[in-house]
Structures are given as structure tokens and as C-alpha cells.
Amino acid sequence: MCGISAYIGKENNAAEIVFNMLSRLEYRGYDSAGVAYVKEGNDKISVVKDIGMVENVREQYISEHSDLCIGHTRWATHGEPSKINAHPHLDCKQELAIVHNGIIENYLALKKMLEDEGHKFVSATDSEVIAHLIEKFYNKDDVLTLEDAVRQAIALLRGSYGIAVISSKEEKIVAARLGSPIIVGIGKDKDEYFVSSDTNALLPYTNSTIPLNDGEIAILTKNDCRITNKDAIPVQKKIEKILYDLQSAEKDGYAHYMLKEIFEQPRVINETMRGRLKVEEGLAKLGGVRMKDEEIRNISRIIFIACGTSLHAGMLGKYLMEEIARIPTEVEYASEFKYKFPVLDKNTLVIAISQSGETADTIASLREARERGANTLGIVNVVGSTIAREAKKGVYIYAGPEIGVASTKAFTAQITALYLLSLYFGRIRNTISGFALREIVEEFARIPEKVQKILDNANVIKDVADKFYNYRDFLYLGRGYNFPIVLEGALKLKEISYIHAEGYPAGEMKHGPIAMIDENFPTMVILVKDNVYNKLMNNVEEIKARHGRIVAITTEGDGDVKKILKEHDEVIYIPKTLPIFYPFLTVVPLQLFAYFCALKLGRNVDKPRNLAKSVTVE
Ligand code: M6R
């Protein structure tokens, strides 16, 4: 994880620009932050860094003229969060500074080698070896330039990196990537250049970008940008435009990004559907999939690979693919898939789901799938991200920038894409009748307004949260399409409120979890009118018989649920829809419940402790 940023160009407040960019990258980690720059008329590197968030560190910076700066916001992997472990890191002579996102897996061996050669290390990080390695090669016999030294140094690194490097002797930034994102931003008049871990930090300055591929190196001066491969051969790159604007990445008056993103969901579902759900024709179509009908018919198996919230979207995708398109489907934790020697062939479609497109576990598994001959498809939010570029086929979800660490709108956009994909495959494979398809498509188009109705009544959910936020533990029960939703709801509660919550398929309750039920262990249950409604009613009866408190999410007009609940229980009503579409309507109250509990507990909702938005290390 970690976020890196850099600036070189016509402005002489480079450090301020870099601090601004860092605060937009803080969702990637916020254990410590720092900048390194070369003061105008000076040949020394100045560093300001400390434990804590970007704003804390910025307060220690006294404005100085500089047109060259690199910066970092950290999510600690090697070495505790501390000032000494904060980036940037320097070489022994303090002539070089580096910032790094990723993990250097062979850092112990490199450190030993460098220490034997006389280098002095000050931090416990893996990253510091990069500074000393570059130093080892830099200006050796006064021949090598910074870019040559970087090239030689990175050839020895194992693991992943996105780095930006400066020297007090040359007016340039050298950036390189392997496995961790690096985006170069190009100033309007080509007289300033930026480096960032994502496009969001570039938005206030430019929307022209060049994302680096693995193995590429960018050499930036005030008025030039050169990209080469690892052997110094120039690489011609296309300039890519950022597709969203600054406003869509701001809070728009909401107290938190997470709340804004929850409220954006009706619009986001519409965006993901746009041009793909053909209501008049009663069908769904997905251009980006670029698969011939024959190829779709030949799919023998689908495997979803993903992490966290995206994995829960994949779990729902399994239910959809099997019911609608009748394709045997598996869901795998991306962190497990790569290491279990998966059996794959060309008729297996491996679908990687990722908001960021940069999750290291998912990337590693996607590469494994490709190497083993599977067909691959990415369902991704961030345009131009690694997964979007490396999957053979792709579907963008168009959720816009998601800044809150807890994923919300990306989830609803991901599942929207999965409904579309299942309907598309189902039609081509003839597994769904035209009549059923039309009914589904028509109801699908009504989902955004039903989600809006829930959001309009968010206060009801706030009142429920106010009564339940003090519990230490929760059980979340759902079945069928709502089983992945309770996993997602429980994850949201854990992430941002730090309340322990366990999602369970309701039928399993009697096989173990029921032992935990008493008056101090409440249950959130999804109890909508579908084919397992009566079974869930039995679960509620069983919980009540053991004095457990209940929060039930049920459909408007259902009078039966209330009859078996007691005065300390709560009901949240959602609009009616087809059973298949309830996930859209049941996940939203769970997101809001987690948000309001976290708020009541005074948690940092957008930046919960120990987490980072984009997990770019395996
Ligand atoms: O960017 P990705 O969708 O690949 O991220 C996967 C997970 O890291 C992510 O969903 C994480 O679990 C979120 N914090 C969930 O809210």
C-alpha cells in the first residue's frame, strides 16, 4: 500500500504541491508521512517527516522555494510506524532520497551486502535498501547518472515497488514500477510533471496521464518526460485522460466520503447499467467482454478471484452465474488461489474483481490464471489500473473515485456488472427464457429508485444504530442471495466500528453459532420474501427462545415478522422486488448501520485504524 507523489516543474512550491497530493492519497495508508526536496540555490536534500497523518507533518514544514519534491504516506509493513521508519529514506551521504510503495522481499540479503560494504542503515524498513543500493551505483567513477544508478539498483530488487527518487546533484525525478502503480501526470503546457500512486491525486493539477507498466522507468525534468524499459530503450506511450472530474472526488457537503459514496449508489448503478441494460429490447449486453457467442457457449467453468468486499461481490456472482447462465462457478480468495496449483484450461473463465485494480493478491492470481492457460476477465473500477490492463477482457464499473477505505458504491457497481454479465451469458447460452429475461430486465431498471427510497429513510437506520452500537459482538444471518450480503455487512461493521461481527448462512446457525446467543449477543437477520423466508423465521424464533435481540431487515408490508419480535428488537423495512434483486436493497441498510455505529463510537470512518484502501502487497 502506501501512497507516493512527486513534482518537478515551473512552480517553486513543490513541497506544498506534494503535500496536497499526499492528502488525496492518504486512504492508502496513514501511519506516517514525509517529503524530501531540494531548496532553491542549495545542493542539499531537506526532509520533513514524522509519524501521523499528512496534515500533522505538513504543520512541521516551513515554506521554502523548491521546484522538485517527492513525498510518501505510509502503511507500515516492515518496521513499526515511527519517525525514523517514515519515508523518504536517504543514502549515507544524504545526496539521494527515495519513496517506495511495495515490499522488497530480498531486503535482508541486500542489507547485509550493503552493510558489509560500509553502508549505515538507520531504519527498520525494507525500503531503505533502495536508497543505499542506488548510492552504491551512483556517480561511481563519476560516470553514471541517477537514472543509470536506479536501473542498476532495481535489477537487484525482488518483490514489488513503485518508487520515486531524487538527487541533490541532478534536477530530475526518476520513477519506476514493478507490481505497484506509478502514474505520471503531465502539466497542461508540458512545463511540469507529477508522479502519483493513483490518478485521484493528480486531478487538481492535470487530467493527462501516462501510467507506467511493470519494468518501465520515467525520467522527468522540468520540461521533459522520457519513459524507457529496464534496458534503457525508449518506450513510446500514449497519453491517457482521466475520465472523471475533481468534483466527483470531493465530499460534496457530506460529513464523510463513505456517507457520500453510500448516497451515490442509485446514480452509480445507473452509470454501470448505462448502454448495457436494454430495457426496450429486454436484454443486457456488455461490449468490453469482447467474446464471440461461441466462446461464451464454450465456457465450462467460471472462477471469481478477489479480496474483501470484491470477494463478496464474487460470491453473489456465483449464485447469479449458476442460476441464470447455468455455468458451474467457484469463488476463490485471491490470496489462496495462486498458491493452490489451480487446475485451469482455455474454457475456464477466471474473473478478477477489484475496485482499485491494484490489489497485489488479485494481480498475482490473475497472472497465475493467464500462465495456466485460462481465459481472463477483469471487473474493475479504476481505469488503466494493472488488472484492467492485464486481463484479456474487461468490464469497467464506472463507480467514480471511491475514497472511503470501506468499499460501498464499488460493491453495488460490481454486483450491477455481475447481474449484467450473468444475464448476457444466460441469453447467449439460452439458459433463460425471453419472458423471464424481460421481467428481470424491467425490474433491474427500477432498482436505483428503490435504493433511493432506502436512503431517503436513512434516519430510521440511524435510530437503530443508536440503540445497538454499544454491543461488542454481532451475528449476521442471511441465506441464498443474501448470504454474501451478510458477510459484506459484517465486514463493514468490523472495519469501521471495530465491533466484532460474524456473517453466517442462516441454516448453519443451529450447527454451532447458536451457542453464542444470549441477551448480549444480538443478531442482524435478512428476512425478505424469498424461497427461504420460512426457514429464516424459524431462526428468529430460535434466537428469541434464547433471549437474543434481533434487528430484522424485511420487506414493506410484512406484518408477520413484527409478531414474533419483542420490544427490544427492531425492524428495518425495504421495498419489495424480485428475490434475485434483494442484495441491492439489503446491503444498503447494512452499510448505513455500520456507518452510524462507527459515528456514534467516534471512529475515523473514512480512515479506520490499521487499514488502507488499496492493498498493494501480498
Ligand atoms: O481494490 P480491491 O477491490 O481489489 O480491494 C479489495 C479489498 O482490499 C477491499 O475490498 C477491502 O476489503 C475493503 N476495505 C472493504 O471495505
Exercise. Using +1 on the beta carbon of Lys and Arg, -1 on that of Asp and Glu, and nothing else charged, what's the dipole of region 497-618 about the Cα centre, debye to 20?
Worked result: 260
Problem set entry | Furthest towards positive pole of dipole, SER32, ASN457, ILE526, structure part the chain, Cβ charges | ILE526
Seminar exercise, completed: The extension gain from LYS93 to LYS576, computed as 0.36 nm times the residue separation minus the Cα-Cα distance, is 167.1 nm
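Can you tell me the FRET efficiency between ARG274 and ARG472 if r is taken as the Cβ-Cβ distance and R0 is 41 Å, rounded to the nearest 0.05?
On the way: r = 43 Å, r/R0 = 1.06.
Efficiency, from the Cβ-Cβ distance: 0.40.
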Problem set entry | 3J(HN,Hα) from dihedral phi, region 518-528, Karplus parametrisation 6.51/-1.76/1.60, rounded to Hz, x for glycine, proline | 7, 5, 9, 10, x, 10, 9, 10, 9, 10, 9
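Can you figure out the FRET efficiency of GLU542 with VAL122, using R₀ = 51 Å and their beta-carbon distance, to the nearest 0.05?
Working: r = 60 Å, r/R0 = 1.17.
After rounding, the FRET efficiency stands at 0.30.
Could you work out the helix-only [θ] at 222 nm for the chain, with each DSSP H run of four or more residues adding -39,500 (n - 2.57) and the total divided by the number of residues, to the nearest 500 deg cm²/dmol? List each step's numbers first, then the result.
Details: 19 runs with 208 residues, N = 618.
For the chain, the value works out to -10000 deg cm²/dmol.
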Exercise. Once you put a point 7 Å from the Cα of ASN457 and another 7 Å from the Cα of LYS83, both along the Cβ direction, what distance in nm separates them?
Worked result: 5.4
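What helices does the chain hold that run 18 Å or longer along their axis, going by alpha-carbon atoms, with a Kyte-Doolittle average of 1.0 or more, using DSSP H for the helix calls? Walk me through the intermediate numbers first.
Working: long enough: 308-320 (19 Å, 0.31); 409-428 (29 Å, 0.91); 434-456 (34 Å, -0.05); 483-497 (21 Å, 0.77); 582-600 (28 Å, 1.27).
Those that pass (Cα extent of 18 Å or more, hydropathy at least 1.0) are 582-600.
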Exercise. Can you pick out the pairs among LYS190/LYS393; LYS136/LYS172; LYS346/LYS492 whose Cα atoms lie more than 29 Å from each other?
Worked result: LYS190/LYS393; LYS346/LYS492
Problem set entry | Between region 421-440 and region 333-385, the Cα center-to-center distance that results, in Å | 26
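Which shape class, rounded, prolate or oblate, goes with region 3-242 when its Cα gyration tensor gives a ≥ b ≥ c as root eigenvalues, a/c under 1.5 marks rounded, and past that a/b bigger than b/c marks prolate? Each step should come with its number before you reach the end.
Values: a/c = 1.35, a/b = 1.13, b/c = 1.20.
Rounded, because the longest to shortest axis ratio a/c is under 1.5.
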Problem set entry | Karplus (6.51, -1.76, 1.60) ³J(HN,Hα), θ = phi - 60°, over region 341-346, in Hz, Gly and Pro reported as x | 6, x, 8, 9, 8, 5
For this session: Calculate, in nm to one decimal, what GLU330 and ASP245 gain on full extension: separation in residues at 0.36 nm each, minus their alpha carbon distance.
Result: 26.9 nm
Seminar exercise, completed: Taking every DSSP bridge whose two residues both lie in region 257-453, the antiparallel percent to the nearest 5 is 10
Problem set entry | Amide H partners (placed H, <5 Å) of ALA552, local residues excluded | VAL525, GLU570, VAL571, ILE572
Exercise. Among LYS278/LYS453; LYS450/LYS607; LYS111/LYS613; LYS83/LYS222; LYS241/LYS292; LYS10/LYS44, which pairs are too far apart, with a Cα-Cα distance over 27 Å?
Worked result: LYS450/LYS607; LYS111/LYS613; LYS83/LYS222; LYS241/LYS292
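Among rounded, prolate and oblate, which fits region 460-600 when a ≥ b ≥ c are the square roots of the eigenvalues of its C-alpha gyration tensor, a/c under 1.5 means rounded, and a/b larger than b/c means prolate?
Working: a/c = 1.31, a/b = 1.11, b/c = 1.18.
Rounded, because the longest to shortest axis ratio a/c is under 1.5.
Could you please state how large a percent of the accessible area of region 299-363 is carbon and sulfur, counting protein chains only and using a 1.4 Å probe?
Working: 1240 of 2310 Å².
Solvent-exposed carbon and sulfur of region 299-363 make up 54 percent of the total.
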Exercise. If the label point is 7 Å along Cα→Cβ of ASP518, which residues in region 448-487 have backbone nitrogen under 17 Å from it?
Worked result: 471-475
Exercise. Around GLU495, with a cut-off of 13 angstrom between Cβ atoms, what is the net charge of the other residues, counting Lys and Arg +1 and Asp and Glu -1?
Worked result: +4
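The values are calculated or read from the model by the stated rules, or taken from the named source; none is laboratory data. Computed from a predicted model, the values in this text were never measured in an experiment. Positions of Cβ are backbone-derived with ideal geometry, glycine not excepted, and every protein chain shown enters the neighbour counts. For the accessible areas, the whole protein counts, side chains as well, though only heavy atoms, and no ligand, DNA or RNA atoms are used. Shrake-Rupley method; radii C 1.70, N 1.55, O 1.52, S 1.80 Å.
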